[in-house]
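Shown below is the structure under consideration.
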Amino acid sequence: MRFFNEKTALERLSDIRSRFAERIQHDFEHKAKDCSTCETKGACCLDAHFVNVRITRLEAVAIVREIEQLPAESQASMRRKILDTVERFGLDDAAEDGRQTYACPLFEREIGCLVHHTAKPLPCIAHACYERKEDLPPDKLLQEREVRVFELSRRTYGSDGLPKPLPVALKHLL
């Protein structure tokens, strides 16, 4: 099995994300409600009963690199927010059943998703407010990309570690 260095893996991850986002935008998003018209902007990202995004170590590295581009005060605030999310929602390594939900710590009401254009996780890219079930992107489309990202992460870090809830994965790197 061929391994990748982190830089190469992050470039490949960015390519997977970009191509997936283009596909979602071209084939599906036009059938969804425009986020700019939402009555409660960010409600889907901040709904602690809905968000259950799990990410690989590689995705966490990409997100942390974006957080590290923020001013020092914002970085410290983001770290506190991530740690608070892990604690408040009882997200920890022992909880591997995949059902934990939480409010996303990467969403700022005044700004939106802090990693929207650079490191947004695949499930977040696929999400939109569709009125009809038949307009949703097929689950298989997301699952295929997630498998590619998992394999890329595994071939970068040599670990078969399962994806973790986003705040937990970020906590480990911060």
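I'd like the full set of residues that are under 15 Å from residue 13 (Cα atoms) and touching a residue at least 12 places away in the same chain (Cβ under 8 Å), limited to the stretch 125-153.
Selection gives 125, 142, 145, 146, 148, 149, 150, 152, 153.
So which of 20, 50 is modelled with pLDDT of 90 or more and under 25 Å from residue 101 (Cα atoms)?
20
Something else: Determine which member of the set 132, 148 is loosely packed, with under 13 Cβ neighbours inside 10 Å and in contact with a helix residue (DSSP H, G or I) (Cβ under 8 Å, 6 or more places away or on another chain).
When all the criteria are applied, what remains is 132.
Could you check the stretch 51-73 and list, in sequence order, the residues that are more than 13 Å from residue 146 (Cα to Cα) and within 11 Å of the chain's Cα centre (by Cα)?
The answer is 51, 52, 60, 62, 63.
Go through the stretch 136-165 and give me each residue that's more than 21 Å from residue 22 (Cα to Cα) and either at pLDDT 95 or above or part of a helix (DSSP H, G or I) (or both).
Listed by number, the residues that qualify are 151, 153, 154, 155, 156, 157.
Restricting the search to the stretch 111-135, which residues are within 23 Å of residue 68 (Cβ to Cβ) and outside any helix (DSSP H, G or I)?
111, 112, 113, 114, 115, 116, 117, 118, 119, 120, 121
The values are calculated or read from the model by the stated rules, or taken from the named source; none is laboratory data. Since we're looking at a predicted model, the values are computed, not measured. Don't worry about glycine lacking a Cβ; one is built from the backbone with ideal geometry, like all the others, and counts go over all protein chains shown.
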